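Following: one structure in structure tokens, then a few remarks.
The values are calculated or read from the model by the stated rules, or taken from the named source; none is laboratory data. Because the structure is a prediction, the values reported are computed rather than measured. Here the Cβ positions follow ideal geometry from the backbone for every residue, glycine too, while neighbour counts run over all protein chains shown. Surface accessibility is based on the protein's heavy atoms, side chains included, excluding ligands, DNA and RNA. Shrake-Rupley method; radii C 1.70, N 1.55, O 1.52, S 1.80 Å.
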Amino acid sequence: MRYQFKFRPYQRKFLRSLTTNHGKWDTREGIILRLTDESGKVGWGEIAPISWFGSETLEQALDFCRQLPEEITDEIIFSIPDELPACQFGFESACEMGSVGDEGDNFITPNSSLLIPNSLFYSALLPAGEAALNQWETLWKQGYRTFKWKIGVYAIANELEIFESLIQTLPAFTKLRLDANGGLSYEEANLWLRTCDNLKANPEVPIEIEFIEQPLPVEQFQQMLELSTSYETAIALDESVATLGQLAACHQQGWRGIFVIKPGIVGSPSRLRKFCHQHQIDTVFSSVFETAIARLAALQLAAELSRNKRAIGFGIDHFFEQEETWFQSLWNDL
Ligand SMILES: O=C(O)CCC(=O)c1ccccc1C(=O)O
Ligand SMILES: [Mg+2]
């Protein structure tokens, strides 16, 4: 198949910025691409890299798009190098979108949110630090029952204290995920895991700590493997499995805990499908704060591949205003 190829870089400010152990992030930058096949079918794709997380940089993605001809083929798309995982995702999902649309109405824009599978349930992000204590209630009222709180942002003594208050105020049966973004030391990771194990053993605490996400830096895989067998509290790898190659390597080295999959940067959707069908891994699908184009493709993959046990990390809170009008203006002034 041959496609006419066009692309446009974009910048969008988040409704709320994200604070992690890497600092503050408040603008999403990426690329929207459009593939038109010979029959006139249109597929939209989005490249939304996060280089601090292990994908290519926006600049590398732009360079790749700029050197492509105006007409491209499946061959080009399916041979995008593994060093450009967000590009693999953007181009492949654009192809897939073009091939599933029915006649006439295949112009899929962000208002196609009706297509988002509602059988999935969502986890919402709480702000880091003390702000979490004032935020969970609003999210609870919106229907969220699984929350994620960033740790490793402030001093551990301070965070443990806030954690204690959070546990005491959250309603029964809430699930809580703790995401350190690789920011803990080995001793701190042990302290968090011990604290969570103690809560688990306490029948008076009706909150479930679902897992601790990426406690240690990517380089410390063996230590995380050891921690995962030393405590009852589960560990989820995130940064360590940012791309398919890393995911396969961690699985091959014996990781049988949870794998966070961020479809937007993990790489080729077709190869992700193959891997998930071959290995019955425990997955949590999660957003990279992409806009509606990549979100739709990512949610469809999540619906297809997650075994529907764990909430997906696509809470809408950090997203953008007026996506539809933004999208139309991005494309119309081309
Ligand atoms: O996974 C989620 O629940 C929400 C998404 C999220 O936390 C995230 C979003 C962008 C970049 C990194 C991360 C992360 O999980 O560390
Ligand atoms: Mg994470």
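Here are the numbers for this structure:
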{"item": "Selected residue [buried (at least 23 other Cβ atoms within 10 Å of the Cβ), assigned to a helix (DSSP H, G or I), under 18 Å from the mean Cα position of the chain (by Cα) and not hydroxyl-bearing (Ser, Thr, Tyr)] from ALA248, ALA303, ALA298, ALA236", "result": "ALA298"}
{"item": "Extreme residue, farthest from ligand 2 (Cβ to nearest atom), among residues of segment 1-50 that are of a type outside the set (Lys, Arg), at pLDDT below 95 and closer than 19 Å to GLY182 by Cα", "result": "GLY23"}
{"item": "Residue in segment 268-279 that is within 16 Å of ligand 2 (Cβ to nearest atom), open to solvent by less than 20 Å² (accessible area, probe 1.4 Å) and outside any helix (DSSP H, G or I) present", "result": "no"}
{"item": "Test result for ALA201, under 22 Å from TRP140 (Cα atoms), open to solvent by 40 Å² or more (accessible area, probe 1.4 Å) and small (Gly, Ala, Ser)", "result": "no"}
{"item": "Failed item, numbered, when ASP282 is tested on (1) within 16 Å of ligand 2 (Cβ to nearest atom); (2) modelled with pLDDT under 95; (3) out of contact with any Phe, Trp or Tyr (no Cβ under 6 Å at 6 or more places or on another chain)", "result": "(2)"}
{"item": "Matching residues in segment 104-138 - criterion: being of a type in the set (A, V, I, L, M), more than 21 Å from the chain's Cα centre (by Cα) and either modelled with pLDDT under 90 or outside any helix (DSSP H, G or I) (or both)", "result": "ILE108"}
{"item": "All positions within segment 203-236 that are free of Cβ contacts under 8 Å to residues at least 24 places away in the same chain and under 23 Å from THR57 (Cα atoms)", "result": "GLU219"}
